[in-house]
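The structure under discussion appears below in the form of structure tokens.
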Amino acid sequence: MSALGIAYIAAGIACVLYYILIGVYSRFGLSISWIWPAVGAALIAAGLLTRAGLPHWLRWAWRGLLAAALALLIALECLVVSGMHATAPAGMDYLIVLGASVYQDGPSPALTRRLNAVMAVLDDHPDAKIIASGGQGANEPISEAQCIRDELVKRGVDPARILMEDRSTDTRENIANCKAIIGDDDAAVGIVTNNYHIWRALRMAKKAGFKNAHGIAATYTGPTLLHFMVREAISITLHGLHGRL
């Protein structure tokens, strides 16, 4: 087998092993995590087929497609990375905490990081109202907004300071519903979400009509970060094609 074939198979096996790793880490609850075994199977098949007598045009078509996909992924990841250290100037009117998965025993790691981030900036925004945003998924015991509110109150935040938006099912609805609550396009708004999610959230905020929106990036590390960054690239592509960014 050629070195290229071996490289394909090694990369494919790595994708499958990564799927198992993040599945165990996240209790197999990550959306579109199936892309990893799917890509892994395609790469392993490509590696095995390097031994077959395929037409040259087909080999070059595959390589061209793979190169184009990698180039697009790199370009999209540059957008994702550009928002990963976002901060908001002091004195925001509202802090929107975007929802993330809620486990049976509490907030997921992604949501915990968002809670930590909003707590870290409260002193910079003493008059800001907090909007806890996110509906209840099929596997969640309570809405994401309720979990955010409960956890913030446990950490000492005045309940009267927290508004609830518990109907949304995705980021676009998070933003739109929060905008309806605020009712002021010119309000200074800080959007708290994980670092890999900032660029898309801000684009959607501007698309929804917010004129003074800023990102507040919650640091996220760990084995699932790569998955979330790749998922963001896919989401940016799909939302961009539908004119939502």
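Let's test the formula: R0 of 22 Å, r as the Cβ-Cβ distance of R167 and V24. What FRET efficiency results, to the nearest 0.05? Don't skip to the answer; put the middle values down first.
Details: r = 32 Å, r/R0 = 1.47.
The calculated FRET efficiency here is 0.10.
Backbone amide hydrogens, once placed in the peptide plane, bring H125 within less than 5 Å of G91, excluding anything fewer than 5 places away on its chain.
Summing Cβ point charges (Lys, Arg +1; Asp, Glu -1) relative to the Cα centre of the chain gives a dipole of roughly 940 debye.
Full extension of the segment from Q104 to A71, taken as 0.36 nm per residue of separation minus the current Cα-Cα distance, would add 7.9 nm.
Within the P(r) computed for segment 94-241, what percentage of the Cα pairs occupies the region above 26 Å? In whole percent, the long-distance tail amounts to 17. 3J(HN,Hα) along segment 11-25: 5, x, 5, 4, 5, 5, 5, 5, 4, 5, 4, 6, x, 5, 5 Hz, from the Karplus curve 6.51 cos²θ - 1.76 cosθ + 1.60 with θ = phi - 60°, whole Hz, x for Gly and Pro.
Report, to one decimal in Å, the Kirkwood hydrodynamic radius for segment 91-162 based on all distinct Cα pairs. Spell out each step's value before the answer.
Working: mean 1/r = 0.0822 Å⁻¹.
Hydrodynamic radius (Kirkwood, Cα pairs) of segment 91-162 is 12.2 Å.
Under 5 Å from the amide H of L95 lie the amide H atoms of K129, I130, I131, G190, each residue being 5 or more positions distant or on a separate chain, with H modelled from the backbone and absent for Pro and chain starts. The alpha carbon centroids of segment 112-138 and segment 207-245 are separated by 17 Å.
Can you tell me the length gained on complete extension of the stretch W60 to V81, counting 0.36 nm per residue apart and subtracting the Cα distance?
Gain on stretching W60 to V81: 4.4 nm.
For the chain, the relative contact order is 21 percent, taking Cα pairs closer than 8 Å that sit 6 or more residues apart in sequence and dividing their mean separation by the residue count. From most to least packed by mean Cβ count within 10 Å, the peptides 89-95, 213-219 give 213-219, 89-95.
A simple rule links phi to the HN-Hα coupling: the Karplus curve 6.51 cos²θ - 1.76 cosθ + 1.60 with θ = phi - 60°, which for segment 120-136 gives 6, 10, 4, 5, 7, 9, x, 9, 6, 7, 9, 10, 7, 10, x, x, 9 Hz, with x for Gly and Pro. Taking the square roots of five times each eigenvalue of the Cα gyration tensor of segment 3-82, the equivalent ellipsoid has semi-axes of 26, 18, 9 Å, listed largest first. Per-residue 3J(HN,Hα) values for segment 220-234, derived from phi via the Karplus relation 6.51 cos²θ - 1.76 cosθ + 1.60 with θ = phi - 60°, read 9, 10, x, x, 7, 4, 4, 4, 5, 5, 5, 4, 4, 4, 5 Hz in sequence order (x marks Gly and Pro). Among T224, T87, A14, whose Cα sits farthest toward the positive end of the charge dipole of the chain (+1 at Cβ of Lys/Arg, -1 at Cβ of Asp/Glu, about the Cα centre)? So the residue furthest toward the plus end is A14.
Using modelled backbone amide H atoms (1.01 Å from N, in-plane), which distant-in-sequence or interchain residues come within less than 5 Å of Y220's amide H? Amide H neighbours of Y220: N195.
Values quoted throughout were computed directly from the atomic coordinates according to the rules given, and no laboratory measurement underlies them. From a predicted model like this one, the values you see are computed outputs, not experimental measurements. Positions of Cβ are backbone-derived with ideal geometry, glycine not excepted, and every protein chain shown enters the neighbour counts.
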